[in-house]
Structures are given as structure tokens and as C-alpha cells.
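What follows is a single structure, written as C-alpha cells, with notes after it.
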Amino acid sequence: MKIGIVCYPTFGGSGVVATELGIALAKEGHQVHFITYSQPTRLDFFNENLFYHEVDMLAYPLFQFPPYETALASKMVDVVKYEKLDILHVHYAIPHASAAFIAKQILKKQNIEIPVITTLHGTDITLVGRDPSFEPVVTFSINQSDGITAVSENLKEDTLNHFSIDKDIRVIPNFIDLERFRRLKKDHFKKAICPNGEKLIVHTSNFRKVKRIEDVVAIFQNMRKVIPVKLLLVGDGPERTKIESLCRECGDCEDIRFLGKLEAVEEVLSVADLFIMPSEKESFGLAALEAMACEVPVISTNVGGLPELNVHGYSGYLSDVGDVASMTKYALEILDEKNLQRFKSNALARATEFELSKILPQYETYYEEVLEKSRQGLVL
Ligand code: GMT
């Protein structure tokens with residue numbers, strides 16, 4: 001198949017899922033064409049089946065807000081036509097689904113049929129998409145897609161509850177490449193970070209408000225009253241300055257390190273004892289899955305798709321949003337020497353259920369179904 005993938009070329013979340021999916025499809029022999037505004041972060045090597053098409057943005061003084069959606073739709077038309085794509089798979093509804101709709105209509109006028117699949121990732125539905133400034137276009141363009149997938153049952157429910165969707169949504173969960181995300185032998189890292197045998201807590205995110213990083217810091221402060229611990233905060237984003245100030249005020253700076261955007265996050269996860277994800281909303285929690293694959297148990301909230309990933313009392317624990325006391329209690333329980341190894345093994349066992357080889361065929365089958373329906377002039 002010749003597949004066009006449209007995504008945000010970002011470090012985490014939907015951009016990573018889209019890029020890893022494209023790479024895996026290319027390894028299976030499909031030809032994959034990425035269409036986005038800059039080279040996706042993890043697309044940094046050569047593969048004969050992988051192609052990258054950059055969306056050209058014309059700068060013009062009149063444009064206070066450069067019309068990315070128009071430029072993206074034009075690029076989609078160009079790539080579909082000249083690369084003879086079979087299917088377009090857009091990740092994150094805004095503005096990719098509506099740009100795909102425009103491209104599809106233009107191509108139809110030229111007698112080219114291109115089925116479009118939209119994958120919903122979370123904030124495009126739960127946070128941004130619901131805003132009245134976007135909602136009518138989001139609803140319309142999701143409904144115009146030939147296929148729709150969501151990364152968790154909860155996100156599917158949320159979409160059906162908050163938007164008027166008249167089509168079926170297929171749930172295909174996020175996945176993990178266990179060849180890349182596995183516990184590596186990095187004892188020298190652990191020694192450098194925790195020279196006195198402290199337990200190591202890790203959080204990775206895009207440092208947005210919805211991640212509630214202040215709760216990570218509060219849990220850490222509670223824990224260090226009981227056991228020696230260190231905290232690594234990986235990633236960057238709007239909340240970082242605020243969180244840095246918070247750590248300085250508490251005088252905990254020497255035990256908390258901000259690592260910024262790390263490409264080889266699996267190296268840090270390989271020396272971690274516990275991962276904390278206290279998000280207010282989380283449609284899946286890919287960062288938690290990456291941690292679990294590296295044998296790191298997870299303390300998370302019980303919102304969104306997190307209960308579909310993190311199994312309470314098995315791979316970690318789940319608490320209500322903001323319940324720092326409960327999260328602290330569970331964190332200490334996991335780190336108790338008589339429990340830790342069991343939680344670590346369970347975390348890996350749970351991650352294995354989301355192994356790439358189990359999820360990739362679900363996308364391939366869905367592509368075939370959508371293509372077949374499109375050939376018959378039907379939609380799923
Ligand atoms: O987590 C973020 O804020 C980034 C966001 C994105 O779309 O890039 O992540 C969403 O998609 C990920 C991949 O499907 C999910 O694992 C995250 O749970 C989801 N984030 C939220 O729902 C807040």
C-alpha cells in the first residue's frame with residue numbers, strides 16, 4: 001500500500017505514535033509518505049520505503065495567522081496525485097481532518113478517490129476540539145472521514161458524548177516497540193544520579209498544565225520525608241519555569257533534575273524505579289507505556305484511558321486527580337523492597353500486551369477495510 005501520514009512532528013504524543021506507525025509500516029513493505037511542516041523527530045534515518053514531504057508555507061505580510069490548513073491541503077493534493085497514494089491517515093483532528101477533507105474534494109474533481117482515516121488522540125477531542133471556536137469544523141471533518149480510530153475506549157466514548165458523530169469509531173490502542181523500549185544496563189547512570197542508593201522517580205511530559213507536574217513535586221516531597229528519593233523531570237513546555245521556581249522555593253533543587261527534551265528517554269527510564277503521571281486528562285498515556293516497557297511501575301490518575309493501560313495493584317496504582325496523599329501512599333508501597341520487583345515485572349508484562357506486533361496488524365486490517373468500502377462507494 002502507498003500510505004500518506006499527516007501528523008505533528010513533535011517529541012511526544014500523537015506525533016510519536018504517527019511516526020512509529022509509519023516506520024513500522026515501511027518495515028512491513030508499505031510505502032509511507034509523511035506530510036508535515038518539519039521532519040518528525042524520530043524520522044532520522046534512511047529507509048527505502050519512507051518519504052518526507054514538507055508543507056511549504058508562503059510568508060506574506062498580510063497573514064497575521066499563516067493559513068497552514070490551506071498549505072497542508074495543497075501539499076496533500078500534490079503528494080496523493082504524484083505519488084499515487086492509496087490512503088491518507090491523519091493523526092490529530094485539528095486541522096488535519098479538515099485539511100484532508102478539502103484535499104479529498106479537490107482530488108474528487110480530478111477523478112481521484114482518496115480515502116481518509118482520522119485518528120483521534122486526545123486533546124483534539126477532550127480539550128481543544130470542544131471549544132466553540134473549533135467544534136463545528138471538528139465535528140464535520142470527523143464525520144467526513146472514511147474511517148475514524150481512537151486510541152482508547154474512553155476517548156471513543158468521550159467523542160461520541162461530546163460530538164454528533166454518525167459513524168463507527170474503531171479503537172486501536174497505542175503501541176510500543178519493545179526492541180527499543182526495554183530495560184538497558186545503565187548502572188553507571190544510576191550510580192551518578194543516585195550515589196547513595198536512593199530510589200529514582202521519573203516523570204516525562206510536554207509540561208502543559210493538564211499534566212499537573214506540581215503534583216509530581218508534592219508526591220516527591222511527601223516521599224522524601226520517609227525514604228531517600230531523587231526525581232528526574234524529562235521534557236519541556238509552558239509550565240517548566242513555574243515548576244522550577246516551585247522546586248527552588250522548596251529548597252529541593254539538589255534532588256530534582258530537569259533534563260529537558262531527551263531523545264533517548266529509554267536510557268533514563270532504564271534506571272527508574274517509579275513513574276508518576278498525575279494528569280488531569282489523558283486519553284491513553286503513551287509516556288506511561290514507555291515507562292512500563294522499561295519495567296517501571298506507574299502511579300497515575302484514574303482519568304481517561306489510563307485505567308485501560310495501568311492496572312490498579314498490578315502494574316502500579318491509580319488515584320483520583322489531585323489526591324496527592326493517596327498517590328504518595330501507593331508510591332511508597334510500590335517502592336517497598338518486598339513489592340518492587342513484582343511491580344516491575346508486572347509493568348513489563350502489561351506493556352507486552354501493547355507490543356507493536358499486536359497492534360500494527362489492526363491498522364493494516366483497518367486500512368484494507370476502509371479501502372474496500374471506498375472502492376464500493378461505501379463508508380465505514
Ligand atoms: O499528551 C499530550 O499532551 C500530547 C498529546 C498529543 O496529541 O500529542 O497526547 C495525546 O495523544 C497521545 C498519543 O495518542 C496519548 O498517549 C496522550 O494520552 C494524549 N494526551 C492527552 O489526552 C492529554
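The values are calculated or read from the model by the stated rules, or taken from the named source; none is laboratory data. Quantities reported herein were computed from a predicted structural model and do not represent experimental measurements. Backbone-built Cβ (ideal geometry, glycine too); neighbour counts: all protein chains shown. Heads up: the accessible areas ignore ligands, DNA and RNA and are worked out on the full protein's heavy atoms, side chains in. Shrake-Rupley method; radii C 1.70, N 1.55, O 1.52, S 1.80 Å.
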Seminar exercise, completed: Env charge @ residue 128, Cβ radius under 14 Å, K,R +1 / D,E -1, value 0
For this session: Evaluate E = 1/(1 + (r/R0)^6) for residue 245 and residue 28, where r is the Cβ-Cβ distance and R0 equals 56 Å; express this FRET efficiency to the nearest 0.05.
Result: 0.75
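Given the peptides 92-105, 205-218, 234-247, arrange them by the average over their residues of other C-beta atoms within 10 Å, most packed first.
Values: 92-105: 23.8, 205-218: 20.1, 234-247: 16.2.
Taking the mean over residues of other Cβ atoms within 10 Å, the ranking is 92-105, 205-218, 234-247.
Please give the calculated 222 nm ellipticity per residue for the chain, where each DSSP H segment of at least 4 residues contributes -39500 (n - 2.57) and the sum is spread over every residue; nearest 500 deg cm²/dmol?
Details: 15 runs with 167 residues, N = 380.
The helix contribution divided over the chain gives -13500 deg cm²/dmol.
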For this session: For helix 337-352, report the angle its Cα long axis makes with the longest principal axis of the Cα atoms of the chain; keep it between 0 and 90° and round to the nearest 10°.
Result: 10
For this session: Enumerate the residues in region 133-156 having an amide nitrogen under 20 Å from the point lying 7 Å beyond the Cα of residue 362 toward its Cβ.
Result: 146-156
Exercise. Using a probe of 1.4 angstrom, how much of the accessible area of region 187-352 is carbon and sulfur, in percent?
Worked result: 51
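About its Cα centre, how strong a charge dipole does the chain have in debye, to the nearest 20, once Lys and Arg get +1 and Asp and Glu get -1 at the Cβ?
Working: 42 positive and 53 negative charges, 77 e Å.
Roughly 360 debye, rounded to the nearest 20.
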For this session: Just report the Cα centroid separation between region 315-380 and region 103-125, whole Å.
Result: 28
Exercise. For 372, 20, what's the largest-to-smallest order of accessible area, 1.4 Å probe?
Worked result: 372, 20
Problem set entry | Nitroxide proxy distance, nm - points 7 Å out along Cα→Cβ at residue 263 and residue 62 | 4.1
Exercise. How much accessible area per residue does the chain have, in Å², with a 1.4 Å probe?
Worked result: 43
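What is region 187-352 by shape, rounded, prolate or oblate, if you read a ≥ b ≥ c off the alpha carbon gyration tensor as root eigenvalues and call it rounded for a/c under 1.5, prolate for a/b larger than b/c, and oblate otherwise?
Because its axes are fairly even, with a/c under 1.5, region 187-352 counts as rounded.
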Problem set entry | Candidate lysines for bridging to residue 191, where Cα separation is under 25 Å - those fewer than 8 sequence places away on the same chain excluded | 199, 225, 230, 261, 338, 344
Seminar exercise, completed: Under 5 Å from the placed amide H of residue 121, counting only residues 5+ away or on other chains, we find 92, 93
